[in-house]
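Notes for the one structure printed next.
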Amino acid sequence: MRAALLGLSAALLTGCAAGPSARANVPVPVECGATEPARPAMPTEALSLGVDVDRWVAAAQAELLLREGYEGELRAALAECVEPVR
């Protein structure tokens, strides 16, 4: 009888010790799989000192187009990394 009472009280105490479980949604960092695009060679970097203004302006205009394309590739890689995980 004493063993049954001891077992019953132990079972009741363990039932009180365990509280209700709650689910917590915690964001987990995930490694980004995007690769960094290669930086293109900029036309103004290849110019020598003393180049005339016309060539420098033409190289600068070409560089603007290259930079815009490179920026688009970087933005696409960044968008791939910040996209929510499903």
| task | Return the pairs, sorted by first residue and then second, in which the second residue is assigned to a loop (DSSP other than H, G, I, E, B) and at pLDDT 90 or above, the first residue lies in the range 32-55 and is surrounded by 12 or more Cβ atoms within 10 Å (Cβ to Cβ) and of a type in the set (Gly, Ala, Ser), the beta carbons are less than 8 Å apart, and the residues are 6+ apart or on different chains. | result | none
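Looking only at the range 21-71, filter to residues that are part of a helix (DSSP H, G or I) and small (Gly, Ala, Ser); which one of those is nearest to Glu83 (Cα to Cα)? Before the answer, list the steps.
Let us first name the residues in the range 21-71 that are part of a helix (DSSP H, G or I), namely 43-46, 53-71.
Those left that are additionally small (Gly, Ala, Ser): 46, 58-60, 62, 69.
Details: Ala46: 37, Ala58: 38, Ala59: 36, Ala60: 34, Ala62: 32, Gly69: 21 Å.
So the residue we want is Gly69.
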| Unique residue being over 31 Å from the mean Cα position of the chain (by Cα) and loosely packed, with under 10 Cβ neighbours inside 10 Å when the list is Gly7, Gly19 | Gly19
| request: Just one of (1) in a helix (DSSP H, G or I); (2) in contact with a helix residue (DSSP H, G or I) (Cβ under 6 Å, 6 or more places away or on another chain) trips up Ala11, so point out which. | output: (2)
| request: Could you please tell me which pairs satisfy a Cβ distance under 7 Å, a separation of 6+ or placement on different chains, a first residue in the range 69-83 that is farther than 11 Å from Ala34 by Cβ, and a second residue that is among the basic types (Lys, Arg)? | output: Tyr70/Arg39
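The values are calculated or read from the model by the stated rules, or taken from the named source; none is laboratory data. Just so it is clear, the structure is predicted and the values come from calculations on it, not from any experiment. Positions of Cβ are backbone-derived with ideal geometry, glycine not excepted, and every protein chain shown enters the neighbour counts.
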